[in-house]
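Encoded as structure tokens, the structure appears first; notes follow it.
The values are calculated or read from the model by the stated rules, or taken from the named source; none is laboratory data. Just so it is clear, the model here is predicted, and its values are computed rather than measured. FYI the Cβ positions are ideal-geometry reconstructions off the backbone, even for glycines, and counts take in every protein chain you see. Heads up: the accessible areas ignore ligands, DNA and RNA and are worked out on the full protein's heavy atoms, side chains in. Shrake-Rupley method; radii C 1.70, N 1.55, O 1.52, S 1.80 Å.
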Amino acid sequence: MKIAVLSRDATLYSTRRLVEACTERGHEVRVLDVLRCYMNITSRRPSIHYKGEALTGFDAVIPRIGASVTFYGTAVLRQFEMMGVMPLNESVAITRSRDKLRSLQLLAREGVGLPVTGFAHKPDDVQDLMKMVGGAPAVIKLLEGTQGIGVVLAETQQAAESVIEAFMGLKANILVQEFIKEAGGADLRCFVVNGKVVAAMKRQGKEGEFRSNLHRGGRASLTRLSPEERATATRAAKIMGLNVAGVDILRSNHGPVVMEVNSSPGLEGIEAASGKDVAGLIVEFVEKSLAGRQSSRSRTRTRGSKG
Ligand code: ADP
Ligand code: MG
């Protein structure tokens, strides 16, 4: 197979591991910087060019699209899809999951456990918004934040109101969320491939920190998931339409609650904590779905002869 990895930086751990796994399994692999891909979107025969050359012959594409390049990155991925190249995760699913609000709305509709969450842009009644999520303490999040930046714990009603007002002054979209205190500054990262949790880790925030992000000094360790946690993670990935996803869950006293679903989950932490070859499992899934795709295509062709 010929596989493209869409990544801005070939030296990143996740990119390197995916390239390694492809090579080990006998595939031809190429890392492409998504921002350097350009394309004619009006041609009936869609193509993508890269540094003066037309990209051809790819069977599958593994997108590793950073949050800051979602818009252009998903457009390039969509073009690959139109060329008949199989994506690991579809562009629509990535776009869907990158919108925190949209994700939570979809998960809520399907009855997945979530922290009680309010969303606002310019509420006239901040007190009512706070009441909606059960009052202080509450977590306030900037919709566009990543790596724990823009996530604030407001311990009192007064603190919450000032933070909400400050964010509103910046014209930012915000989420106000019930604080899951009983999670004890820890969350679960469940790595889902093809409807199964293939690896999981518990991330514990450093002393005195409620955010467990590894970028904020959190520590990862191996953990056993309960059947309910497993089911929550796989359902969340399925609802988002992601074949590969990192589902972040908090252990609340009303059961597992999903915080976010990541469409380009990092491999470094999870491979180190679990000791598993997650990159290999991803490439194995690509192989299997390509095989399934080819056999269903040949079936279509036979059927097609009858109209
Ligand atoms: P980011 O996208 O920036 O990582 P998150 O929503 O994942 O933002 O929040 C960062 C961290 O803060 C989480 O990993 C979790 O440890 C903690 N956290 C977030 N929301 C809550 C909450 N409602 N209750 C308790 N802890 C939370
Ligand atoms: Mg997070």
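Which ones in region 117-170 are within 22 Å of G205 (Cα to Cα), at pLDDT 90 or above and surrounded by fewer than 16 Cβ atoms within 10 Å (Cβ to Cβ)?
Hits for region 117-170 are E155, T156.
Quick one: which of L101, L129, L88, L114 is touching a strand residue (DSSP E or B) at 6+ places or on another chain (Cβ under 6 Å), under 27 Å from E209 (Cα atoms) and more than 16 Å from ligand 2 (Cβ to nearest atom)?
L129
Quick check on region 78-115: of everything there that is of a type outside the set (D, E) and open to solvent by 70 Å² or more (accessible area, probe 1.4 Å), which residue is farthest from A236 (Cα to Cα)?
M82
When only residues in region 51-66 that are in contact with a Ser or Thr (Cβ under 9 Å, 6 or more places away or on another chain) and surrounded by 13 or more Cβ atoms within 10 Å (Cβ to Cβ) count, which is modelled with the lowest pLDDT?
G66
Residues checked against (1) in contact (Cβ under 8 Å) with a residue 60 or more places away in the chain; (2) at negative phi; (3) under 13 Å from the mean Cα position of the chain (by Cα):
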residue: V69; (1), (2), (3): yes, yes, no
residue: L77; (1), (2), (3): yes, yes, no
residue: E81; (1), (2), (3): no, yes, no
residue: S91; (1), (2), (3): no, yes, yes
residue: S97; (1), (2), (3): yes, yes, yes
residue: K100; (1), (2), (3): yes, yes, yes
residue: Q105; (1), (2), (3): no, yes, no
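Look at P123 and say whether it is more than 13 Å from ligand 1 (Cβ to nearest atom) and in a loop (DSSP other than H, G, I, E, B).
Taking the combined requirement at face value, the residue satisfies it.
With the condition being closer than 22 Å to G111 by Cα, I'd like the strands (runs of 3 or more DSSP E) fully within region 166-281 carrying at least 1 qualifying residues.
Correct list: 174-178, 186-193, 196-204, 244-252, 255-262.
Looking at (1) open to solvent by 70 Å² or more (accessible area, probe 1.4 Å); (2) touching a residue at least 40 places away in the same chain (Cβ under 8 Å); (3) more than 16 Å from ligand 2 (Cβ to nearest atom), which one does V176 not meet, given that it meets all the others?
That leaves (1) as the condition not met.
Determine which single condition A75 fails, assuming it passes every other condition in (1) surrounded by 18 or more Cβ atoms within 10 Å (Cβ to Cβ); (2) in a helix (DSSP H, G or I).
Unmet condition: (1).
Tell me, which residue of region 231-268 that is β-branched (V, I, T) and more than 12 Å from ligand 1 (Cβ to nearest atom) is least open to solvent (accessible area, probe 1.4 Å)?
The selected residue is V244.
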